[in-house]
1. Just to verify a number: what accessible area does Thr2 come out at with the full protein assembly present, 1.4 Å probe, Å² rounded to tens?
2. For the stretch 237-310, state which trypsin sites (Lys or Arg not before Pro) are in a DSSP loop and have at most 10 other beta carbons lying within 10 Å of their beta carbon.
3. Test of understanding: what is the full-extension gain from Glu295 to Asn110, defined as 0.36 nm times their sequence separation minus their Cα-Cα distance?
4. Could you list the chymotrypsin sites (Phe, Trp or Tyr not before Pro) in the stretch 222-295 that lie in coil according to DSSP, counting only those with at most 11 other Cβ atoms within 10 Å of their Cβ?
5. Taking the Cα centre as origin and putting +1 on Lys and Arg beta-carbons and -1 on Asp and Glu beta-carbons, what dipole magnitude results for the chain, to the nearest 20 debye?
6. Using the charge dipole of the stretch 2-156 (Lys, Arg: +1 at Cβ; Asp, Glu: -1 at Cβ; taken about the Cα centre), state which of Thr81, Ala35, Ile108 has its Cα farthest towards the positive end.
7. Give the separation of the Cα centroids, the stretch 1-58 to the stretch 199-224, in Å.
8. Find the Rg to Rh ratio for the stretch 1-124, where Rh is the Kirkwood radius over alpha-carbon pairs and Rg uses the same atoms.
Amino acid sequence: MTGFVLLPVAIFGLISLKAFGKIRPIFRERGIINAEVTGRLTETLGGVRVIKGFNAEAQEIRIFEAGVNRLFLNVKQSLVTTSMVTSAATLLLGFASAGIMGIGGYLIMNEELTFGDFLAFTLYLGFLIAPIVQMSNIGSQFTEAFAGLDRTEEILNMPLEDEGGTRTLKLDAIDGHVVFDKVSFAYEAGKEVVKEISFNAPAGSVTALVGTSGSGKTTIAGLAASFLNPDSGLITVDGHDLQTISLRSYRSQLGVVLQDDFLFEGTIRQNILFPRPEATEEQLMQAVQAAHVQEFTNRFEDGLDTLIGERGVKLSGGQRQRIAIARAILADPRILILDEATSNLDTESESLIQASLKNLMQGRTTFVIAHRLSTIRQADQILVIEQGHIAEQGRHEELLAKQGRYYQLYTYQARI
Ligand SMILES: Nc1ncnc2c1ncn2[C@@H]1O[C@H](COP(=O)(O)OP(=O)(O)O)[C@@H](O)[C@H]1O
Ligand SMILES: [Mg+2]
């Protein structure tokens, strides 16, 4: 009788081993599909105005439906497999019970087995079989957990930004003397976006980058911020190769204000304080005043404690930018990058902010990218970037007198 039971149990063991091996990749894929579908949904909701504006609801619904359908098929597949394991367990258990009853009944009729022995045997068998049946349930949970573990391992194994062991140099304080020496960079092999650029930005100076869009200005700023590493050439900060300086110590001296500046959900105060949460109220108020944030927060009932984002007020592009500038003023960096930081400002707030930007740039090595040439007229040097090259270099008056590329850009803008 024991032999008769062991056979179905062995078959069941084989089936579940095979089945769980099959569903593990399915569970793993589910994590990926889930991330894709919810990621797209979040973007869709964030860009709902663009979708409405282009009457693209139907198309977005189709994309979402396709994603949800993939998810459904994945769940269906894993459910089918786990159900097969459970039904196989039930079926084999039925076979085993029927067989034991047949053999046991036959033996009892032949008086080779007492009724008591038979009962005892089935009781012990129950104790043995119950955990095996349970294992099929636990097994699918285990498989799901292992698939999750696989994904976690994949993510943990991704290389860290600071890795390589070469970024060991820790700088306590820097002057901010930045030098580019024949720096080249390509996002895709063979397509150089920055080509052998060399320039010198002394500590405390203002370098303006101008040029048509797509010429490589943001890429140069990204190289200076160590968001990107040059493919060839050398960037030095105070004479040290930027690629040897620990990112943490370099970025603690760095401030960035970008065109579409990122604000968190939360209050205006939290958004300004985030690079320096320990700042005093006085330091905060100084930054707020210098960036002319109060001009609009005074109109809000809660002032600086007004919630922004999804659960609070919506701010205009210019207002967001002034908050970002206040944040940079509070952070008090040695090196400052302003990438089209004034492009969202209307003429009125621009004149308000021109002065505060000047305060912000005072004594810091600044890289400023601007469409408005009025922002860069006072720069110590202007680099005119064209297709990744420096086409012209000099101060405003020099470049105007040259009547070259800068002159063209400037007079073109003055006309509009
Ligand atoms: N992440 C990226 N991957 C691939 N190409 C990029 C990426 N970012 C920018 N580029 C390309 O590099 C060139 C320069 O871009 P960018 O530095 O942003 O120009 P700018 O700021 O002067 O408008 C463009 O041709 C752009 O298409
Ligand atoms: Mg750009």
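The values are calculated or read from the model by the stated rules, or taken from the named source; none is laboratory data. Since the model is a prediction, treat every value here as computed from it, not as a measurement. Neighbour counts run over all protein chains shown; Cβ positions are idealised from the backbone, glycine included. Remember, those area values only see protein heavy atoms, side chains included, never the ligands or the DNA or RNA. Shrake-Rupley method; radii C 1.70, N 1.55, O 1.52, S 1.80 Å.
1. Looks like 80 Å² after rounding.
2. Listed in order of number, the matching sites are Arg299.
3. 56.4 nm
4. Phe262, Phe264
5. 700
6. Checking the options against the dipole of the stretch 2-156, the answer is Ala35.
7. Value for the Cα centre distance between the two parts: 47 Å.
8. For the stretch 1-124, the value is 1.39.
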